[in-house]
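We did not get these values from a lab; they are worked out from the coordinates using the rules stated. Quick caveat, the model's predicted, so the values are computed rather than measured. Using ideal geometry, Cβ is built from the backbone for each residue, glycine included, and neighbour counts are taken over all protein chains shown.
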Amino acid sequence: MHDPYRPTDDAVTLAAGIRNREQSAVEAVSAALARIEQLDGKLKAVCTLAPEQALADAEAIDRRLAAGEAVGPLAGVPLAVKDLISTRGLRTTFGSKLYADNVPDEDDIVVERLRSAGAVVIGKTNTSEFGYGAVGHNPLFPTTRNPWNTNLTPGGSSAGSAAAIASGMVALSLGSDGGGSVRVPASLTGTFGIKPSWGRVPVYPGCRVETEPGASGWESLEHIGPITRTVADAALMLSVLSGPSPKDRHSLPREDIDWADLDPSWLKGKRIAFTADLGFAPVDPEIAALAEIAARQLAREYGAELDIATPQIGDATEAFLALVALDTDRQGLRRMAPPGYAFTPMLQSLLGREWTADAFTDAILQRKRVNNVVWRFMQRYDLLLTPGTSTAAFPIDSEGPAEIAGRAIPPGGLTPFSFLANLTGQPAASVPAGFTRSGLPVGLQIIGRHQDDLSVLRAAAGVERALPWQHRWPEVLHAT
C-alpha cells in the first residue's frame, strides 16, 4: 500500500535505492502516481498524466536491473515535465487551447537525455499560456495552486513543476526560464530552482508556434533547468542535461565540471554582494529582510565577505519586454488564433502593442549596456545575491499584486530580480531562505559569474545547510 501523504525521497536517495534494488522502479512510480491521485485534485499541478507508459518504462528498468545490466544515474526516478517542453507521444499543449490536442513526434533534447539516464516521465505540469506570465493559470486547464496555501499561486510559468516538487509528488521536475520562470515559482513554493548558464543546457525544439520545428520562442532568453527539493538533486540533473547539441547552435562545449562537488567551503574568502532592490524595484520589506538575513548567514557560516552593493543597471524592464516581443512570433500567433480568441493578458499586451524597429534596437543596446555594467561589477564580486521575488505568493487567477510597499507594479514588474540573468546569460538560482510570518516561503536568488554554474550550486548548498528547510512540508500533505 502506497502512502500518498508520504513525500517522495530526494532523487539522489531514490535513484541509489533503485540501483541497489532496495526498492523497485515500479514501486517508485506507483508511489508517485498514488500521491498525484491523492493531492492533485487540490493542487492541479499535473495537466496530463501518463500512468500506463510510466509503469511500462519502470518495468523495463526493473528487468534491466534484474538482468544485471547497467542503468543510468536516474534509473526509475519519476520525472514531471513542464508543458512547454516537448514529450514524444505525450500531449504537449503549451498551456493553450490552440495546442489542446498536440502530440509531439519527438522529445525535447532535455527529455531525451533524462530518459536515457533512466528517469521515468510521469506526466506534464501546468504552465501559463506559452509561458507568458509568472502565474499558474491558462485558458485550457484548471489553475495550479500553491501547496503552502491553496488560495495562492505557486508563481510561474513553471507553476505545476514547482507545485509537484513542493508537495512531494515527484523528486525531479523540469521547468523553463525566459525571465524567471524556474526561479520565481521555486521562490514562492520553497523549492530549489536553477537557471543554468545560457547554452549550458541545449534547447530543441522548444515552445514553438505553428509547425516549424525548432522555432523556439524567446530564443535569446530561454533556458531550461531543474526544480527540485534539494541542491544535490538539481546538480545530478545538470550532470545529465549539460553538454552541446548540434540542434542548438547556442549550446556550450562540454566542460569538465564535477557537478557532485557541492562543498560550500569554497566560499571562504570570497566576496558576495547583496542588494535588496537592484536600485529600482519595489520590494515587500519582510521579503527583503529575510533575504538579507539569509545572505548574511551564508557569509558568516562560510567565511565570505558580504557587501551591500548594487550594479547600476537601472530599470531595464522595458528593454526586457521588448526583447520578449522580438523573440516572439507575433505574426504566427495572430494567424493561428481564430477570430475572437483571447490570449492571456501578458501575451495579449505584447501582441496588441505596436512595436517599432527602433524599440527593438534600443532594447538590444540596453542589453549590451546592462551586460557591460554587470561583468564589470562581477570582477569585484564572486556572487550577487538578491531576493528571489518582490513579494510572497499572491492570490490565484490574478496577474500579481497591483502594488508592493505602496508602489504601483508596472507590466513585467513582478519579477524585477530574475530577468537580469536572462539578459546576461549568467547562472542563477533560487534557494529557500525562510518563511514569512504568515508561513509562506521566501527565496534567495544567487547569481554567479559568467558560466560559473558550479559556484552558484555550492553557494546554494551552503544556504541549504545553514538554513535547513527539508523538514518542513505543506499542511496539504497531512489533510484528510
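Among (1) 1.46; (2) 0.90; (3) 1.11, which one is Cα Rg over 2.2 N^0.38 Å computed from these coordinates?
Matching the structure shown: (2).
Assuming 0.36 nm per residue, please report the length gained on full extension of the stretch N372 to E59 beyond their Cα-Cα distance. Walk me through the numbers before you get to the answer.
On the way: separation 313, 0.36 × 313 = 112.68 nm, distance 5.20 nm.
Going from the current span to full extension adds 107.5 nm.
Determine the distance separating the Cα centre of segment 306-353 from the Cα centre of segment 397-424; give it in Å without decimals.
Rounded to whole Å, the Cα centres lie 13 Å apart.
What does the helix-only formula give at 222 nm for the chain: each DSSP H stretch with n ≥ 4 adding -39500 (n - 2.57), the total divided by the residues, and the result rounded to the nearest 500 deg cm²/dmol? Before the final figure, lay out the partial values.
Values: 14 runs with 166 residues, N = 480.
Roughly -10500 deg cm²/dmol at 222 nm, from the helical runs in the chain.
In terms of the Cα gyration tensor, with a ≥ b ≥ c the square roots of its eigenvalues, is segment 332-480 rounded because a/c is under 1.5, prolate because a/b exceeds b/c, or oblate?
Details: a/c = 2.20, a/b = 1.19, b/c = 1.86.
Oblate, because a/c is 1.5 or more while a/b does not exceed b/c.
What share of all Cα pairs of segment 50-153, in percent, falls into each consecutive 5 Å distance bin?
In whole percents, the pair-distance histogram is 2, 13, 19, 19, 16, 14, 9, 4, 3, 1.
Long-range amide H contacts for V121: which residues qualify at under 5 Å (H placed 1.01 Å from N, peptide plane, sequence gap of 5 or more or a different chain)?
Sorted by chain and number, the residues that satisfy this are L79.
What are the residues whose amide H is under 5 Å from the amide H of N149, where those residues sit 5 or more places off or on another chain and H is modelled from the backbone?
Under 5 Å from the amide H of N149 lies no amide H from a residue far enough along the sequence or on another chain.
Output ³J(HN,Hα) for segment 454-466: one whole-Hz value per residue in order, computed from phi by the Karplus curve 6.51 cos²θ - 1.76 cosθ + 1.60 with θ = phi - 60°, and x for Gly and Pro.
Karplus-based 3J(HN,Hα) across segment 454-466 equals 5, 5, 5, 5, 5, 5, 5, 4, x, 5, 4, 7, 6 Hz.
Considering only DSSP beta bridges where both residues belong to the chain, give the percentage that are antiparallel (nearest 5).
On the way: 32 of 47 bridges.
Taking every DSSP beta bridge with both residues in the chain, the antiparallel ones total about 70 percent.
Quickly rank 450-463, 8-21 as a protection proxy: mean count of other C-beta atoms within 10 Å, highest first. Don't jump to the answer; show the numbers that get you there.
On the way: 450-463: 23.1, 8-21: 19.1.
Highest-to-lowest ranking by the protection proxy: 450-463, 8-21.
Ordered by residue, what ³J(HN,Hα) values in Hz, to whole numbers, does segment 443-453 give under the Karplus form 6.51 cos²θ - 1.76 cosθ + 1.60, where θ = phi - 60° and Gly and Pro are x?
x, 10, 8, 10, 10, x, 5, 3, 6, 9, 5
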